[in-house]
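The values are calculated or read from the model by the stated rules, or taken from the named source; none is laboratory data. This structure is a prediction, so every number in the text was calculated from the model and none was measured. Virtual Cβ from ideal backbone geometry, glycine too; neighbours counted across all protein chains shown.
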């Protein structure tokens, strides 16, 4: 290459120029990089940066192998489209200000064993599969991105790395070295996430307002971390974790599904995670989380108890008397506990919801009133005597008004019945204004139904008060 062509290369910054240079291979690229030292203008902008901004690699039959390339400062791949090509940036050197923002890849892109200096940007990227194994970042900025398969095994993320509003489908941070300044904010992890480590550097990043749809495994890590506002659809694994008292699980929400069995869980290993996390909640005085975990613990214990009893009945070594004892005592008792626990969950979300008892109170008022109107008061009105004196007759409107008052009184345990006038009760069951000698009794079964209604409504009122007490921590 002569001097004139070298001089032209210094001022040529088009993507086509760098593509041709890359096709010559690692040696030619790095020689050019060494010969053409990056120069900076007075405002600090590099004049010899690598530029592939908005370049469409997907239209090419093949793309160069960028492995072991030295890209220097301000390498610009912003908006680059790699398409279905397999892209390799293995063992590359990237200086300050590297920008891959808004780049896309529909196949496999690897940055394994590469080194990124400060101010690295991966904002708005969309990668099907990205490998960052053994990759080193002084800091990284990754906002509003989607990476379906992200591999950060043994990567080193230092400085102030930030991942904001990103979506990771399958993610692996196994033995990844991170620091507390690294932050995941409003990130969505679709599949299981692995942060397991066995090395001396055990720090965890901040996970603020993140969503974990599957298991988060942080075994072996230091729990001096922040999970504020995060949502767990599966309990995190915390084996061998240290510094429990420093963990921040403020406003964490557990939205754990029961699997194929409603209201119970059958995973014995889940008890270990529940009890470890509950211990942390106790140490950090996180009463809301501790209560939620206690509920999860009871669901697992009830499920395991049911499974044990069912297995007990099928084992041949158990005697017939032991099986009968299990069948007619232990198993029904377990099922009864599960039933009441399920009802507790449906009616008040295990004492955590103020809305649910109030909702069921309103719904039950409609159902009980509808039953009484259709099957009790309507029949009384239709079967009333036809030959009564004129001054004892009441209009349908008046009778319906009395029936409405009775329905309202019935839905207020004890106090409601005391407030309902005795003469109104007589009119209600007679269908007319009775004289002093008339005796009108309620229909058969009405009293039993009324007792059931009062008990059910009383339970709802109790659950409403319990939820208020739990919410405001009234002792």
> From the residues in region 16-50 that are in contact with a strand residue (DSSP E or B) (Cβ under 7 Å, 6 or more places away or on another chain) and at pLDDT 90 or above, which one is surrounded by the most Cβ atoms within 10 Å (Cβ to Cβ)?
Replying inline: 50
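Yes or no: residue 445 at positive phi and modelled with pLDDT of 85 or more?
So residue 445 passes the test.
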>> Checking the structure you have, find out if any residue of region 261-277 is more than 20 Å from residue 216 (Cα to Cα), outside the structural domain of residue 232 (by TED's automatic domain parsing) and surrounded by fewer than 16 Cβ atoms within 10 Å (Cβ to Cβ).
In response: yes
> Identify, please: which residue in region 292-343 is in contact (Cβ under 8 Å) with a residue 60 or more places away in the chain and more than 22 Å from the chain's Cα centre (by Cα) and is, among those, surrounded by the most Cβ atoms within 10 Å (Cβ to Cβ)?
Replying inline: 338
> Out of all the residues in region 114-122, is one or more under 25 Å from residue 170 (Cα atoms), at pLDDT 95 or above and in a loop (DSSP other than H, G, I, E, B)?
Replying inline: yes
>> Being touching a residue at least 24 places away in the same chain (Cβ under 8 Å) and closer than 27 Å to residue 343 by Cβ narrows it down to one residue among 393, 448, 376; which is it?
In response: 376
> Just checking, which of 101, 88 is at pLDDT 95 or above, touching a strand residue (DSSP E or B) at 6+ places or on another chain (Cβ under 9 Å) and closer than 23 Å to residue 209 by Cβ?
Replying inline: 101
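May I ask you to say which residue of 219, 230, 136 is out of contact with any helix residue (DSSP H, G or I) (no Cβ under 6 Å at 6 or more places or on another chain) and outside the structural domain of residue 113 (by TED's automatic domain parsing)?
Values: 230 fails: outside the structural domain of residue 113 (by TED's automatic domain parsing); 136 fails: outside the structural domain of residue 113 (by TED's automatic domain parsing).
Residue meeting the stated conditions: 219.
Within region 55-79, track down each residue that is touching a strand residue (DSSP E or B) at 6+ places or on another chain (Cβ under 8 Å) and in a loop (DSSP other than H, G, I, E, B). Talk me through it step by step, then tell me what you get.
Filtering region 55-79 for residues touching a strand residue (DSSP E or B) at 6+ places or on another chain (Cβ under 8 Å) gives 55-58, 63, 65-67, 69-78.
The answer is 55, 63, 65, 66, 67, 69, 73, 74, 75, 77, 78.
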> Across region 438-459, what is the total count of residues that are assigned to a helix (DSSP H, G or I) and closer than 16 Å to residue 380 by Cα?
Replying inline: 2
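Would you confirm, using the coordinates I've provided, whether residue 415 is without any contact (Cβ under 8 Å) to a residue 60 or more places away in the chain, more than 42 Å from the chain's Cα centre (by Cα) and crowded, with 18+ Cβ neighbours inside 10 Å? Give the derivation first.
Values: without any contact (Cβ under 8 Å) to a residue 60 or more places away in the chain: yes; more than 42 Å from the chain's Cα centre (by Cα): yes; crowded, with 18+ Cβ neighbours inside 10 Å: no.
When the stated conditions are applied, residue 415 does not pass them.
Does region 278-295 contain any residue that is over 28 Å from residue 472 (Cα atoms) and either in a helix (DSSP H, G or I) or out of contact with any helix residue (DSSP H, G or I) (no Cβ under 6 Å at 6 or more places or on another chain) (or both)?
First, the residues of region 278-295 that are over 28 Å from residue 472 (Cα atoms): none.
The answer is no; no qualifying residue exists.
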> Of all residues in region 227-240, which are surrounded by fewer than 20 Cβ atoms within 10 Å (Cβ to Cβ) and at negative phi?
Replying inline: 228, 231, 233, 234, 239
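Take the conditions surrounded by fewer than 17 Cβ atoms within 10 Å (Cβ to Cβ), under 39 Å from the mean Cα position of the chain (by Cα), outside any loop (DSSP other than H, G, I, E, B) and not assigned by TED's automatic domain parsing to the domain that holds residue 289 and apply them to residue 462. Does it pass? Spell out how you get there, then give the answer.
Values: surrounded by fewer than 17 Cβ atoms within 10 Å (Cβ to Cβ): yes; under 39 Å from the mean Cα position of the chain (by Cα): yes; outside any loop (DSSP other than H, G, I, E, B): yes; not assigned by TED's automatic domain parsing to the domain that holds residue 289: yes.
So residue 462 passes the test.
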> Among the numbered criteria (1) within 17 Å of residue 426 (Cβ to Cβ); (2) surrounded by fewer than 14 Cβ atoms within 10 Å (Cβ to Cβ), which single criterion is violated by residue 384?
Replying inline: (2)
> Using beta carbons and a limit of 7 Å, which pairs, at least six apart or on different chains, have the first residue in region 227-247 and touching a residue at least 60 places away in the same chain (Cβ under 8 Å) and the second one in a loop (DSSP other than H, G, I, E, B)?
Replying inline: 235/256
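Condition first: over 16 Å from residue 369 (Cα atoms) and touching a helix residue (DSSP H, G or I) at 6+ places or on another chain (Cβ under 8 Å). Now tell me which residues in region 383-419 satisfy that.
The answer is 384, 394, 396, 414, 419.
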